[in-house]
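The next block holds one structure in the form of structure tokens; read it before the comments.
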Amino acid sequence: MTNAATIPARDDAGSVGAAPNSVDVRTDWTRAEIAALFDLPFTELLFRAAEVHRHHHRPDEVQLCTLLSIKTGGCPEDCGYCAQSVKAHSGVEATKLMEVQAVLQSAAQARDAGSKRFCMGAAWRNPKDRDMPAIIAMVQGVRAMGMETCMTLGMLSEAQAAQLAKAGLDYYNHNIDTSPERYGEIISTRSFDERIDTLAQVRKAGINVCSGGIVGMGETRGDRVGFIHALATLERHPESVPVNALVPIKGTVLGDMLADTPLAKIDDIEFVRTVAAARITMPRSMVRLSAGRESMSETAQALCFLAGANSIFTGDRLLTAANAGDDADAALFARLGLKPMEAEEPMRADKAAACGR
Ligand code: SAM
Ligand code: DTB
Ligand code: SF4
């Protein structure tokens with residue numbers, strides 16, 4: 001393998017953060033290089049990922065984020081993993097868009113519980129223009145509380161992306177979910193390229209990009225390589241990369257498929273390998289250990305943190321699925337000696353300085 005990461009030593013003062021364009025941030029990764037990372041002995045892969053991680057981030061800090069479903073269910077898309085698709089028989093009821101005040105109340109609770117980032121998700125193929133004033137008020141209100149804002153609303157038009165940027169939205173989440181070649185087996189109502197187009201709109205509008213995917217959908221290792229490759233070769237790495245473990249939900253295509261074939265569930269070591277590959281190939285990005293922690297052991301989560309994951313969703317609910325819960329996380333942090341992250345995220349800070357936001 002050509003050496004993946006030229007890993008500079010951490011300086012003596014223990015400070016983290018290299019120059020924004022340091023040589024170890026590459027966007028020319030080949031699939032062969034990423035496959036070679038996955039093939040490393042686990043101990044070697046973890047060592048390399050941990051080295052990259054501590055060079056760019058504080059290894060004892062993990063950012064706490066809160067998710068809120070601002071519009072649940074009834075989504076016209078057919079994502080095979082999702083309880084909110086109209087095609088799923090998951091029992092999730094469709095709701096209207098929440099009132100702005102109710103969203104802000106929920107955000108205030110999250111802030112009081114120590115959250116630094118508030119992510120709002122809507123089960124839409126795309127927002128309607130008539131929804132935008134409420135969405136903008138939510139972004140402005142949450143930002144005024146001092147939290148980072150993230151929205152995930154489906155596809156965006158150029159004008160909508162510009163409106164969100166003007167409102168001060170920090171991040172837009174839009175996952176590529178899996179490799180380009182597997183995409184059509186998971187979702188038929190939109191294409192991988194449409195996903196990439198929306199990411200480009202978000203970038204162009206000057207909003208930080210949050211894009212990742214799901215591991216454990218019965219994919220091959222080659223798909224996991226292709227998924228990381230697609231993200232790590234974007235013109236600029238996403239500032240934020242959520243890595244979800246599939247939450248198998250009854251009534252969804254993938255949830256039911258996995259229920260019938262329990263051996264299809266991804267093993268923890270392979271999940272950790274995926275986190276490590278994300279960390280090594282996208283050294284300055286936030287790597288978010290997202291859905292699926294509820295059914296993960298503390299040991300597996302500890303390995304994910306060692307492999308470079310530095311953000312989690314707190315609270316006992318994700319969008320519709322159960323999450324680990326604050327008490328379990330407080331106990332986990334105490335056991336592992338981890339602290340909630342207070343500082344600005346490295347890539348976002350660079351960008352804010354560069355564009356004066
Ligand atoms: N509708 C918007 C969209 O698809 O972009 C936003 C909401 S969607 C629920 C956000 C992401 O959550 C999906 O792209 C997927 O990666 C993740 N997700 C959804 N259901 C999941 C599940 N059952 N297990 C793991 N991740 C899931
Ligand atoms: C992401 O990648 N994971 C979060 C967030 N982005 C929006 C969502 C996880 C959803 C898990 C399934 C559910 O709660 O329905
Ligand atoms: Fe709709 Fe998003 Fe769920 Fe797909 S993942 S069905 S787009 S809410």
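Ranked highest first by average number of other Cβ atoms within 10 Å, how do 112-120, 235-243, 159-167 line up?
Descending packing order for the listed peptides: 235-243, 112-120, 159-167.
Under the Kirkwood approximation applied to all pairs of distinct alpha-carbon atoms, what is the hydrodynamic radius of the range 154-304 in Å?
One decimal place: 16.1 Å for the Kirkwood radius.
Show that you can apply the helix-only estimate: for the chain, add -39,500 (n - 2.57) for every DSSP H stretch of four or more residues, divide by all residues, and state [θ] at 222 nm to the nearest 500.
-12000 deg cm²/dmol
Give me P(r) over the chain, computed from all C-alpha to C-alpha distances, binned every 20 Å, as integer percentages.
Going out from 0 Å in 20 Å bins, the chain shows 31, 63, 6 percent.
If I model a spin label at A113 and T220 as a point 7 Å from the Cα along the Cα→Cβ vector, what separation in nanometres do I get?
4.1
Under 8 Å for C-alpha pairs, at least 6 residues apart: give me the relative contact order for the chain, rounded to a whole percent.
23
Which value, in debye to the nearest 20, describes the size of the charge dipole of the chain about its Cα centre when Lys and Arg Cβ atoms bear +1, Asp and Glu Cβ atoms bear -1, and nothing else is charged?
Dipole magnitude for the chain comes out near 680 debye.
Coordinate-derived values only; no laboratory data. This structure is a prediction, so every number in the text was calculated from the model and none was measured. A quick note on method: Cβ atoms are made from the backbone with ideal geometry, for glycine too, and the neighbour counts reach across all protein chains shown.
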